[in-house]
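Here is the structure we will look at.
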Amino acid sequence: MKALVLLREVLDATLPLEPGDGQGPRVKGQEAIRVLNPADRAALEWACRLRQGEITALTVGPPEVEGILRLALARGASRAIRAWVGGMEGSDAPALARLLALAVDRLGPDLVLTGDRSLEGGTGLVPGLLAARLGWPHLDGATHLGRDGGRIVVRRRLERGWREEVEATPPVVVAVEAGSIEPRYVSVRVRREALARPLEVWGAAHLGVDVAAVKGWVRSEVASLDWPRPRPRRVTLPDARLTAGERMRRLMTAGPTPLRTGEGRLLEGGPREIAERLVRFLEERGLL
Amino acid sequence: MEITREVWWNVPGWLALALYLGSALTVGFAVRVALGHVRRWLRGRPLTAARPLAPGRALRRVAVEVFAHRRIFEDPAAGWAHLLIFYGFLALFTGTLMVFVHDRLVPFLFGPTYLVFSLTLDLAGLAFLVGVGWALVRRFAGGPGRLPRSAEALWVLLLLGAIGASGFLLEGARIAATRPPFEVWSVVGWTIARGVIALDLPAAPLHRFLWGLHAALSCAFFALLMVTFLRHMATAPLQLLLRELRRVGALAPAPPDGGARPLAPESLSRVQLLEASACVRCGRCSAVCPATAAGKALDPRGVIRKTLRAMLEARPLDTLVTPEEAWACTTCAACVRACPFEIEVLDKLVDLRRRWVEQGAIDPGAARALEAILERGNPWGAPPGERMAWAEGLPVRVLAPGDEVEVLYWVGCAGAFDPSGRRVTRSVAQLLQRGGVEFGVLGLAESCTGDPARRMGEEGLFQEAAARVVAALGRVRFRRLLTHCAHCFHAFRNEYPALGARCETVHHTQLLAELVRAGRLQPGPALGATVTLHDPCYLARHNGESRAARTLLAGQPGLELVEMPRSRERTFCCGAGGGGNWIELRQGERIATLRMAEARATGASVVATACPFCTIMLEGETAGQGMVVRDVAELLLEGQPA
Ligand code: SF4
Ligand code: SF4
């Protein structure tokens with residue numbers, strides 16, 4: 001089975017951002033860090049976990065994004081391709097899906113894996129549009145992938161906490177949720193070795209399109225970006241008496257979030273007592 | 001009757017021949033086994049010395065350890081038992097050699113010389129037997145639990161005892177048979193002889209039997225010499241000598257293929273293999289190991305035993321030691337410090353981690369910290385742009401490339417990002433300002449020293465992080481590098497010189513003590529608190545600095561300093577080292593819990609530390625205990641006059 005993993009490079013949005021001079025946001029007080037989109041990283045990891053045949057990593061972008069392909073090679077991809085046609089800058093989802101469909105046609109994989117949404121654009125449309133173009137099943141929100149003989153078994157997250165397990169006959173497009181798999185650590189030594197491996201670059205000729213036509217695909221573009229109104233963000237330092245592990249957790253996750261500054265309260269006690277106090281709290285505010 | 005001993009009295013030729021044959025065979029066997037060990041050592045990687053061998057110092061040290069039993073006497077009972085056996089054996093062995101010389105080369109044991117010789121050997125034999133008996137009691141009837149009650153130990157000690165006892169008995173029988181009056185000098189033999197005579201035993205046949213027995217037992221000793229822990233008689237001096245080439249806890253770089261292949265014995269260094277042969281399984285390492293005490297999977301003695309097994313059976317070490325064991329180590333080096341031969345456990349565990357890191361099979365917490373170092377330059381994954389947030393409102397000079405400064409203050413990631421770490425940094429900066437020290441920081445140009453990466457076995461990342469740091473340091477000029485983190489301190493002091501960054505590194509306790517001594521900082525109003533000092537492993541043990549912090553605390557009026565049972569060089573880890581800060585081990589207790597209990601038992605209300613990692617770890621244990629954890633710098637600042 002041949003797998004194709006579609007990757008994107010995104011701005012590391014977990015860093016504090018601020019409006020930049022031009023269009024996009026800028027990272028506060030430091031150089032921006034661009035990273036492999038977390039959901040795509042999960043997709044790549046699932047491809048490696050399935051461990052079947054060739055894994056090709058592909059991204060669409062200018063030479064600057066080759067870093068993520070190197071990383072993909074280090075993480076276990078057997079082949080890496082950067083596809084780029086001038087005029088694709090700022091391309092919208094349908095145009096991107098169209099270009100990807102051409103690449104898929106050329107490569108002929110049984111399985112196309114990608115993240116269900118990117119940290120930056122976040123429309124989550126590309127996998128679906130691609131599947132539609134190819135006429136393949138599209139399984140999004142995947143949290144687990146397996147194989148049953150020749151079939152792909154995907155566990156999907158549905159609305160309101162429902163899950164379903166779907167079996168599909170390849171070829172299929174699977175869009176994977178970020179964080180659905182813990183990626184293995186890839187050492188610096190392995191990353192360095194990946195630097196020496198070849199990358200393929202596909203242009204218009206490889207994909208069998210001409211540049212002008214591709215330009216015509218792009219029908220919408222971002223005209224301007226408005227910054228969300230600044231919301232005062234209070235950083236609450238974790239309680240110094242907690243264990244180191246607990247404090248790390250609170251720093252890295254949100255912890256109990258205050259409703260309004262100073263109003264957050266942690267209820268402690270037995271389940272019954274807590275339930276009563278919760279009800280009382282809601283009643284006091286006329287919410288019940 | 002001439003005053004001497006007829007060496008071969010009552011020994012028929014065939015018995016003498018059997019002795020020669022037997023000892024030739026058994027000594028030959030021992031030599032063969034010994035050469036097997038040597039051959040296996042030599043298959044290992046050559047040692048990269050952390051410091052040049054100073055022969056004088058090295059020999060002095062070997063002499064002190066071997067002849068004065070310095071380390072062994074850290075457990076006085078063990079020290080005495082071993083001392084008696086050691087000198088008893090040495091005397092008896094030398095005596096046997098002297099008899100050989102007298103018999104075959106230059107006869108000299110006549111008259112008074114012979115009498116003194118006899119008396120000395122009898123006393124030595126007595127000491128030897130007392131030592132062996134004591135050792136047996138310590139192992140098999142009470143004594144510390146660390147000693148293995150193994151069959152090997154039992155047989156070896158019984159054999160030693162039997163050799164000593166049969167020697168006395170045969171001497172008694174000889175005296176009883178020949179009755180030379182001057183043999184009253186052989187005090188023990190004489191007493192036994194009187195017993196033999198009183199019981200009317202057939203002295204001559206008895207003597208012949210005992211002589212044979214004594215000879216056979218001595219041969220057995222040679223046979224066992226290299227295949228039991230008796231081996232240390234040969235390996236210990238060598239191990240102690242080579243130990244001088246290394247610094248405790250300073251890790252050697254990984255070999256180029258480090259971790260890419262299973263950790264076969266050839267992938268270990270020669271010294272690591274020698275250490276495996278040298279271990280006597282005394283268990284001193286396991287008795288002090290914080291991971292063992294907290295009920296984790298790690299047992300340092302077991303690791304060394306497994307290394308020996310790996311060497312002898314030519315098996316990769318990673319098939320013997322489990323990841324749970326290797327990741328439980330905090331690299332605190334308590335084991336190294338306690339070991340009579342300073343056998344290093346943690347370097348083997350780090351080698352194993354290197355293997356698992358390359359396979360990507362590591363704890364998710366460790367993986368996150370490593371990726372954070374790689375991507376964000378700090379193991380917390382904190383936004384690098386916030387590196388100077390600690391200095392808010394303080395006039396701190398951030399150095400630009402080319403700047404020159406007296407003291408370069410290396411803040412470190414804990415000091416820059418962790419809330420309690422920031423408290424320490426602010427205190428240090430304020431104290432420096434008060435003390436009139438001209439200092440600056442690198443600001444955003446600072447990044448992780450790579451110490452956690454190296455100790456978590458990610459050597460490639462360490463090298464990369466360190467190269468970044470070396471470059472950043474090279475862009476400014478300074479006289480001294482100041483750090484308040486014991487781990488940064490260790491890295492700069494012991495590991496960076498090999499990377500080309502040689503600079504004078506001071507720990508903040510040292511610099512602050514200097515300022516107090518020079519009167520540039522005043523011990524201020526009384527704090528009125530009882531304080532106990534938790535020595536950071538990487539400061540007190542790895543770098544032998546435990547006085548400066550005490551000077552600071554002792555200078556504070558109204559502050560009473562009480563010591564924990566495990567302090568200074570023998571301090572007990574907080575659990576943060578070796579990546580312990582990021583790895584969550586669910587097995588057993590938290591090491592910090594144990595340490596806090598020890599601190600609480602002193603009755604102190606304040607635990608002083610001198611490393612942000614210790615502060616973080618111990619503060620996590622203070623909930624509901626009415627104790628606070630403060631860096632010595634914080635305490636000193638509180639004590640400054642307004
Ligand atoms: S490593 Fe050292 S302390 Fe540990 S058992 Fe062996 S000899 Fe004893
Ligand atoms: S370094 Fe510390 S934690 Fe590691 S084995 Fe030795 S005593 Fe145990």
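Values quoted throughout were computed directly from the atomic coordinates according to the rules given, and no laboratory measurement underlies them. Computed from a predicted structure; not experimentally measured. In this analysis, Cβ positions are derived from the backbone assuming ideal geometry, glycine residues included, and neighbour counts consider all displayed protein chains.
Projecting each Cα onto the charge dipole of the protein assembly as shown (Lys/Arg +1, Asp/Glu -1 at the beta carbon, about the Cα centre), which of B:Phe108, A:Val174, B:Pro256 comes out farthest on the positive side? Positive-end residue among those listed: B:Phe108. Per-residue ellipticity at 222 nm computed for the protein assembly as shown from its helices equals -14000 deg cm²/dmol, with DSSP H segments shorter than 4 residues left out and the rest contributing -39,500 (n - 2.57). Within region B:13-237, the ratio Rg/Rh, alpha carbon atoms throughout and Rh by Kirkwood, equals 1.01. Listed by chain and number, the lysines placed with their C-alpha closer than 26 angstrom to that of B:Lys306 are B:Lys296, B:Lys348; residues fewer than eight positions away on the same chain are left out. Here region B:529-638 is described by how far its Cα atoms reach on the three principal axes: 43, 33, 25 Å, from widest to narrowest. Hydrophobic, long helices, defined as DSSP H runs whose alpha-carbon span along the helix axis is 15 Å or greater and whose mean Kyte-Doolittle value is at least 1.0, occur in chain A at A:93-107. Within a 10 angstrom radius of each residue's Cβ in B:416-427, how many Cβ atoms of other chains show up on average? Whole number is fine. Shielding by partners across B:416-427 averages 2. Pairwise Cα separations in region B:380-517 fall into 10 Å bins from 0 onward with the following percentages, short to long: 12, 46, 36, 6, 0. Available extension along the chain between B:Leu90 and B:Ala601 is 179.5 nm, counting 0.36 nm per residue and deducting the alpha carbon span.
Rounded to the nearest 10 degrees, the angle from helix B:346-359 to the longest Cα principal axis of chain B is 60 degrees.
Ordering B:Thr622, B:Gly577, B:Ala549 by the projection of their Cα atoms onto the charge dipole of region B:529-638, which places +1 on the Cβ of Lys and Arg and -1 on the Cβ of Asp and Glu, puts B:Gly577 at the extreme positive end.
Backbone geometry of region B:439-444 corresponds, through the Karplus equation with coefficients 6.51, -1.76 and 1.60 at θ = phi - 60°, to 3J(HN,Hα) couplings of 9, x, 10, 7, x, 5 Hz, x marking Gly and Pro. The dipole here belongs to region B:380-517: it is taken about the Cα centre, uses +1 on the Cβ of Lys and Arg and -1 on the Cβ of Asp and Glu, and is about 280 debye.
Can you find, among B:Leu15, B:Ile85, B:Val38, the residue sitting farthest towards the positive end of the charge dipole of region B:1-160, where Lys and Arg contribute +1 and Asp and Glu -1 at Cβ? Farthest towards the positive end: B:Val38.
Binning the C-alpha pair distances of region A:3-217 at 10 Å intervals from 0 yields a P(r) profile of 8, 34, 37, 18, 3, 0 %, listed from the shortest bin outward. Angle of helix B:13-42 to the longest C-alpha principal axis of chain B, folded into 0 to 90 degrees and rounded to 10: 10°. For region B:247-359, the direction-averaged projected area of the alpha-carbon convex hull comes to 6.2 nm². Could you please state, rounded to a whole Å, how far the C-alpha centre of region B:135-163 is from the C-alpha centre of region B:479-501? Taking the Cα centre of region B:479-501 as reference, the centre of region B:135-163 is 45 Å away. Normalised Debye scattering of region B:291-429 at q = 0.11, 0.16 Å⁻¹ gives log10 I(q)/I(0) of -0.62, -0.94, counting only Cα atoms as equal scatterers and leaving out solvent. With N as its number of residues, chain B has a Cα radius of gyration that, divided by 2.2 N^0.38 Å, comes to 1.17.
Within the listed set A:Asp210, A:Asp239, A:Asp148, the Gaussian network model of chain A (springs between alpha-carbon atoms below 10 Å) gives the highest mean-square fluctuation for A:Asp239. Taking every C-alpha pair closer than 8 Å and separated by at least 6 residues, the mean separation divided by the residue count of chain A gives a relative contact order of 20 percent. The distance linking region B:553-597 with region B:230-296 is 25 Å (Cα centroid to Cα centroid, whole angstrom).
The relative contact order of chain B comes to 12 percent, based on Cα pairs under 8 Å that sit 6 or more residues apart.
Close amide H contacts of B:Val405 (hydrogens built in the peptide plane, cut-off under 5 Å, sequence separation of 5 or more or a different chain): B:Arg477, B:Phe478, B:Arg479. For the pair region B:433-447 / region A:47-66, the C-alpha centres are spaced 45 Å from each other. For the protein assembly as shown, the Kirkwood radius over C-alpha pairs fed into Stokes-Einstein at 4 °C and 1.567 mPa s yields D = 39 µm² per second. Annotation: amide H of A:Val176 within the under-5 Å range of A:Thr114, A:Gly115, A:Asp116, A:Ala142, sequence separation 5 or more or interchain, hydrogens built in the peptide plane. Placing +1 on each Lys and Arg Cβ and -1 on each Asp and Glu Cβ, with no other charges, gives region B:529-638 a dipole about its Cα centre of roughly 280 debye.
With respect to chain B, whose longest principal axis is taken over its alpha-carbon atoms, helix B:300-313 is tilted by about 60°. Between B:Ser269 and B:Arg45, the built amide H atoms are under 5 Å apart, and every one of these is 5 or more places off in sequence or on another chain. About the centre of its Cα atoms, the protein assembly as shown shows a dipole size close to 1120 debye [charges on the beta carbon of Lys, Arg (+1) and Asp, Glu (-1) only; nearest 20 debye].
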